[in-house]
Structure formats: structure tokens, C-alpha cells
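Engineer: Handing you this structure, nothing more for now.
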Amino acid sequence: MKRRAFRLQPVLEVRRVEERAAALAAAEAARAAAEADRRATEAEDAVAAAVPTGAVSSGVFRAAMVLARVAAEDAAAARSLATASAEQAELVRAAWTAAAQRTKGLERLRERHLQTVRLAEQAAEERTVDDLVTGRSGRRTPSGEVPWTD
């Protein structure tokens, strides 16, 4: 029996490549989000460190407050960037999940195809064995009679 190829194999291979690309993009987006969160945390820690402790002159106090205000604005911007980066990473992860689901669907179709081919081959083999065992191939007994199993 001629073995039938899975006709959607090229599509499955493309889907696997798309899934791998989506997985790499998701990993990069997660790394970028973690890095943005780390920078935001560092900026927030810098705000706390900008507040002067102890007795200082009014000029130093004003300079420290301006520095603290700028640091707070930087920290807010960094946190906003980290939040946006985390949201983007979630969208990229969702795209990866969708790509994986499309690939999984084709893989299930391929498995069904392979199972069908195996069953057809097994049935053909059983028919061949039945033909040999039951003598349907036109054998006659030594007396010239046709066996009753035909």
C-alpha cells in the first residue's frame, strides 16, 4: 500500500517556525519588562535617597528638594514605562499562546492522519494474511476440488 503523506506538513512546519519566533519574542519581551521594572525600582530608591537627613542650610535643602522632585518625576516615568512594558509582554505572550494553539491543532490533525494510515496498513496486512490462510488465491486441493472456504 502506498504511504500517503500528510498534505498539511508544510503548513505545520511554518506554524512551528511561527511558534518558535513567538516564543523568542515573548522571552525578549519578558526580559525587557523585568529590566524596566528593575530600573523603575532603582529610580524609586533614588527618590528616597535624595531626601537630606540632619540639619542643612536652606540652599542645600532647596537643591535637595529640586533633586528629589526630578528624581520623583524620573521614577514615575520609569514606573510608567515598566507598566507599559509589562502590558506589552503580556500581549506578546498571548500571541505566543495563540501560535502554540494553532500548531497544536495541526499536530492533532497530523496524528489522526498517521493513525488512519496505520489502521489502513494494518487492515491491508490482515486482508493479505486472510487471503493466504483461507486460500483465496486460487489454490486447489490435490484432487482438483476448490476448497469450500473460497
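The values are calculated or read from the model by the stated rules, or taken from the named source; none is laboratory data. For clarity, every value in this text was computed on a predicted model and none was experimentally measured. Because the Cβ atoms are built from the backbone with ideal geometry, glycine has one as well, and the counts that use them run over all protein chains shown.
Engineer: In region 80-89, is there at least one residue being modelled with pLDDT of 90 or more, in a helix (DSSP H, G or I), in contact with an Asp or Glu (Cβ under 8 Å, 6 or more places away or on another chain) and over 30 Å from Gly105 (Cα atoms)?
Structural biologist: Of region 80-89, the ones modelled with pLDDT of 90 or more are 80-89.
Now narrow it down to the ones that are in a helix (DSSP H, G or I): 80-89.
From the residues that got through so far, the ones that are in contact with an Asp or Glu (Cβ under 8 Å, 6 or more places away or on another chain) too are 82, 85-86.
Next, from what is left, pick out any that are over 30 Å from Gly105 (Cα atoms): 82, 85.
Yes, region 80-89 has at least one match.
Engineer: Might you check whether a residue that is acidic (Asp, Glu), loosely packed, with under 12 Cβ neighbours inside 10 Å and modelled with pLDDT under 90 occurs anywhere in region 131-147?
Structural biologist: Let us first name the residues in region 131-147 that are acidic (Asp, Glu), namely 131, 145.
Next, from what is left, pick out any that are loosely packed, with under 12 Cβ neighbours inside 10 Å: 131, 145.
So of that shortlist, the ones also modelled with pLDDT under 90 come out as 131, 145.
The answer is yes, given that some residue of region 131-147 is acidic (Asp, Glu), loosely packed, with under 12 Cβ neighbours inside 10 Å and modelled with pLDDT under 90.
Engineer: Check region 41-59 and report whether any residue there is at pLDDT 85 or above and within 18 Å of Thr97 (Cβ to Cβ).
Structural biologist: no
Engineer: Still on this structure, please answer the following. Would you point out which residue out of Ala95, Ala78, Ala5 is under 34 Å from the mean Cα position of the chain (by Cα) and closer than 30 Å to Gln122 by Cα? Steps first, answer last, please.
Structural biologist: Numbers: Ala95 fails: closer than 30 Å to Gln122 by Cα; Ala78 fails: closer than 30 Å to Gln122 by Cα.
When all the criteria are applied, what remains is Ala5.
Engineer: Return the residues of region 1-58 that are over 21 Å from Ala95 (Cβ atoms) and of a type in the set (Val, Ile, Thr); say none if nothing qualifies.
Structural biologist: Correct list: Thr41, Val47, Val51, Thr53, Val56.
Engineer: Oh, and also: Output the residue which, of all residues in region 20-59 that are outside any helix (DSSP H, G or I) and either among the hydroxyl-bearing types (Ser, Thr, Tyr) or out of contact with any Phe, Trp or Tyr (no Cβ under 7 Å at 6 or more places or on another chain) (or both), is nearest to Ala84 (Cα to Cα).
Structural biologist: Selected residue: Ala50.
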